[in-house]
Every structure is written in C-alpha cells, then in structure tokens.
C-alpha cells in the first residue's frame, strides 16, 4: 500500500497565493504559489512554451500576467521559477533542480 503525502508547501497557500495561481493558470499550463513568510511569495510556472528560452525570456512572458495582480502582491513575489515539464522530469541532472526542490520542500524561514 502506498501513501501519498501532500507537499509541505500546500499548507503554506493563502487566498492571496491562490489568486496568483488563478491568474497565471489562465495563461500557463501549471502555476503554483505559496507564501514563504510574511515578506515573500514563491511562484513556480511550468509550461512547454519555455522550451529553449533563457530565464529572462521566460520571465518576460510571465511578468505581464503578474501585472494583473494587486501591487502589494506583486511586490511580495520574490521567487519566480519558470520551467518546462521536461526540465523538471530530468531530476538532479536539471540545472534548476535545487531551486525546484526548495520550492517543493521549503527550508524554514527566519522571519
């Protein structure tokens, strides 16, 4: 028998981060967000259209969508990760692996 566990970051979601997800999911395949601490929100977007694009190009695709959010919410988005599913599937071979692991299992905040 296997027991599925919910990632720890799911418990860190708020109404505000659900709004971030809702806005992003209108444009991108997958969007996850949670409040890491009182001063920061972490966002991860996964979409096949990021394939072959630089970090800057990916951010340029996501940032106009984030501009639809309240300014205070935008200001709290400190981490924005934009990956493709194929990158995430590479596991430790993926150069963004550590960032993705930290998103999934956040280290304790000092705030």
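Here are a few things to note about the model shown:
- Flag for residue 91 being farther than 24 Å from residue 18 by Cβ, in contact with a helix residue (DSSP H, G or I) (Cβ under 9 Å, 6 or more places away or on another chain) and either free of Cβ contacts under 8 Å to residues at least 60 places away in the same chain or surrounded by 15 or more Cβ atoms within 10 Å (Cβ to Cβ) (or both): yes
- Pick from the range 37-50, criterion in contact (Cβ under 8 Å) with a residue 40 or more places away in the chain and surrounded by 21 or more Cβ atoms within 10 Å (Cβ to Cβ), ranking: farthest from residue 12 (Cα to Cα): 44
- Given (1) closer than 26 Å to residue 108 by Cα; (2) not in a helix (DSSP H, G or I), number of the condition residue 28 does not satisfy: (1)
- Being assigned to a helix (DSSP H, G or I), crowded, with 17+ Cβ neighbours inside 10 Å and free of Cβ contacts under 8 Å to residues at least 60 places away in the same chain is a property that holds for residue 58.
So that you can scan it fast, the table gives a plain yes or no per residue for (1) surrounded by 15 or more Cβ atoms within 10 Å (Cβ to Cβ); (2) at pLDDT below 95; (3) on the phi > 0 side of the Ramachandran plot; (4) part of a loop (DSSP other than H, G, I, E, B):
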position: 22; (1), (2), (3), (4): no, no, no, no
position: 95; (1), (2), (3), (4): no, yes, no, yes
position: 98; (1), (2), (3), (4): no, yes, no, no
position: 103; (1), (2), (3), (4): yes, yes, no, no
position: 108; (1), (2), (3), (4): no, yes, no, yes
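The values are calculated or read from the model by the stated rules, or taken from the named source; none is laboratory data. Just so it is clear, the structure is predicted and the values come from calculations on it, not from any experiment. Here the Cβ is made from the backbone with ideal geometry for all residues, glycine too, and neighbour counts use every protein chain on show.
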